[in-house]
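A.B. asks: Below is the structure I would like to discuss, written out as structure tokens.
The values are calculated or read from the model by the stated rules, or taken from the named source; none is laboratory data. Being a predicted model, the structure only gives us computed values, none of them experimental. Glycine also receives a Cβ, built like all others from the backbone with ideal geometry; neighbour counts cover every protein chain displayed.
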Amino acid sequence: SYYQPSQLEKREDSLNHNQLKSFSEIVQTLRKRNVELILVYAPIPRVNYDTFTNKSYFDSLMKGYSKYYNFNEILTLSDSFHFYDSHHLNQNGVEIFNKKLIEFLKAEHVYGDNEWKYVNTLSLGGRTHTSCRLIQFGLIK
């Protein structure tokens with residue numbers, strides 16, 4: 001069975017002040033320790049993504065912290081064929097996303113054929129679900 005998205009109302013992607021404050025503190029701690037940070041917005045169904053009226057604001061906010069890739073703008077995935085539900089990729093979507101993510105990580109010299117550099121994930125409002133969890137546990141190597 002495939003995910004069948006329904007039309008949603010336009011809305012602003014709200015950022016919790018406490019989450020954003022904590023996220024900023026984590027980023028500052030990483031900078032002090034000279035840890036390279038790459039932020040990734042994992043894909044969500046297009047029907048959900050298109051409801052957000054402040055996508056540009058969110059993207060510019062994240063770019064202000066570090067190198068940032070919004071895979072909702074990089075990949076073209078089908079809501080019905082690449083998502084399990086309204087927030088999670090299915091196996092087909094994970095394979096496409098991971099392949100492209102690995103390309104980006106290799107280009108950033110974070111992921112190589114013979115070695116792993118330390119990669120960890122941060123979640124701001126649940127945005128890093130599927131693939132970042134895979135990286136955290138090393139399943140895409």
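A.B. asks: Quick one: how many residues across the stretch 28-68 are of a type in the set (Lys, Arg), touching a helix residue (DSSP H, G or I) at 6+ places or on another chain (Cβ under 8 Å) and surrounded by fewer than 16 Cβ atoms within 10 Å (Cβ to Cβ)?
C.D. replies: The qualifying residues number 0.
A.B. asks: Considering only residues of the stretch 1-27 that are of a type in the set (Asp, Glu) and exposed (fewer than 11 other Cβ atoms within 10 Å of the Cβ), which is modelled with the highest pLDDT?
C.D. replies: The residue in question is Glu25.
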